[in-house]
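A.B. asks: Below are the structure tokens for one structure; questions will follow.
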Amino acid sequence: MQAGLKLPDVTFRTRVRDESVGGPNPFRWQDMTTADYFAGKRVILFSLPGAFTPTCSTYQLPGFEKMAAEFAEKGIDEIYCMSVNDSFVMNKWAQDQGLANVKVIPDGSGEFTRKVGMLVAKDNLGFGMRSWRYAAIINNGIVEAWFEEPGRADNFGADPYGESSPENLMRYLDAQATGVAAE
């Protein structure tokens, strides 16, 4: 992906709380589309190899959660975290992380991740197919800015983190606000 490209049309299978379901697990399936998440909004989307994994749970997701108000001041309407995990896992991770600002998007089959060219094999870690770590600023479904970690490859031995960090996206937004091109 790169700036100026439209996001692919994908339907995400999500689970949402619905008290009318009753019982100890009051959730129902709800299909959400790319348009449902991205149309008419300026958002941050970041994707990572997996829920509950060290870098994702210690730095990336908590960093975006912590900086949500600052991003809102820069014109960001929503912050989405995506992973090639199912909705059950993503919802439990969101609960575990105590998320109030970042919303999770389950790309259980990896369809969106594949269509944006970021699906990689992580068999070396026992993960199977997962997302390469990246972040983007999306404006009404169009990529405004793309931040991809270096070295994208199947079974890459390292887990680079920096380009897709909340701090790096904030530097871009600060530079944009002052009319200076981000590095």
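The values are calculated or read from the model by the stated rules, or taken from the named source; none is laboratory data. Because the structure is predicted, anything quoted here is derived from the model rather than measured. Neighbour counts are summed over all protein chains in view; Cβ atoms, including those assigned to glycine, are modelled from backbone coordinates with ideal geometry. Surface areas here come from the heavy atoms of the whole protein model, side chains and all, with no ligands, DNA or RNA. Shrake-Rupley method; radii C 1.70, N 1.55, O 1.52, S 1.80 Å.
A.B. asks: How large is the accessible surface per residue of the chain, computed with a 1.4 Å probe and reported in Å² as a whole number?
C.D. replies: Values: 8780 Å² over 183 residues.
Result: 48 Å² of accessible area for each residue.
A.B. asks: Which of these, T53, T11, T34, has the largest mean-square fluctuation under a Gaussian network model of the chain (Cα springs below 10 Å)?
C.D. replies: With Cα springs under 10 Å in the chain, the top fluctuation among T53, T11, T34 is at T53.
A.B. asks: Using a 1.4 Å probe on the protein heavy atoms only, what accessible surface does K41 show? Give it in Å² to the nearest 10.
C.D. replies: Surface accessible to solvent at K41 totals approximately 50 Å².
A.B. asks: Find out how many positive minus negative residues lie around F88, taking Lys and Arg as positive, Asp and Glu as negative, among other residues whose Cβ is under 14 Å from that of F88. It would help to have the intermediate numbers written out before the result.
C.D. replies: On the way: positive: R13, R15, R17, R28, K92; negative: D86, D96, D107.
Combined, the nearby Lys, Arg, Asp and Glu give +2.
A.B. asks: OK, next. Could you order L169, L125, L99, L5 by accessible surface area, starting with the largest, using a probe radius of 1.4 Å?
C.D. replies: So, going from the largest accessible area down, we get L125, L5, L99, L169.
A.B. asks: Ordering S109, S164 by accessible area with a probe of 1.4 Å, largest first, what comes out?
C.D. replies: Numbers: S109 100, S164 0 Å².
The ranking, largest first, comes out as S109, S164.
A.B. asks: OK, next. Straight distance only, please: which aspartates and glutamates reach the Cα of K66 with their own Cα at less than 18 Å, same-chain residues fewer than 8 apart left out?
C.D. replies: D77, E78, D96, E163, E167, D174
A.B. asks: Another question, if that's okay. Projecting each Cα onto the charge dipole of the chain (Lys/Arg +1, Asp/Glu -1 at the beta carbon, about the Cα centre), which of P49, P24, L99 comes out farthest on the positive side?
C.D. replies: P24
A.B. asks: Beyond 20 Å between alpha-carbons counts as too far, so tell me which of K41/K103; K6/K74; K74/K115 fall in that bin.
C.D. replies: On the way: K41/K103 14 Å; K6/K74 22 Å; K74/K115 28 Å.
Violating the 20 Å Cα-Cα cut-off are K6/K74; K74/K115.
A.B. asks: How big, in percent, is the set of alpha carbon pairs in the chain lying more than 22 Å apart?
C.D. replies: 44 percent
A.B. asks: Next question. Could you compute how much accessible surface M1 exposes when probed at 1.4 Å, giving the result in Å² to the nearest 10?
C.D. replies: Looks like 60 Å² after rounding.
A.B. asks: From the helices alone, meaning DSSP H stretches of at least four residues, give me the mean residue ellipticity at 222 nm for the chain, per-run term -39500 (n - 2.57), in deg cm²/dmol to the nearest 500. All intermediate terms of the calculation are to be shown ahead of the outcome.
C.D. replies: Working: 6 runs with 45 residues, N = 183.
So the calculated ellipticity at 222 nm is -6500 deg cm²/dmol.
A.B. asks: Still on this model: Where nothing but the Cβ of Lys and Arg (+1) and of Asp and Glu (-1) is charged, how large is the charge dipole of the chain around its Cα centre, in debye to the nearest 20?
C.D. replies: My answer is approximately 300 debye.
A.B. asks: Just the number, please: carbon plus sulfur as a percent of the accessible area of region 1-136, 1.4 Å probe, no ligands or DNA/RNA counted. Each step should come with its number before you reach the end.
C.D. replies: Details: 3180 of 6270 Å².
The computed percentage sits at 51.
A.B. asks: With only Lys, Arg, Asp and Glu charged, each at its Cβ (+1 for the first two, -1 for the last two), find how big the charge dipole of region 82-183 is about the Cα centre; round to the nearest 20 debye.
C.D. replies: Details: 9 positive and 14 negative charges, 48 e Å.
Roughly 240 debye for region 82-183.
A.B. asks: Can you give the local net charge around G23? Use residues other than it whose beta-carbon is closer than 15 angstrom to its beta-carbon, Lys and Arg +1, Asp and Glu -1. Let's see the in-between values first.
C.D. replies: On the way: positive: R15, R17, R28; negative: D18, E19.
Neighbour charge sum, excluding G23 itself: +1.
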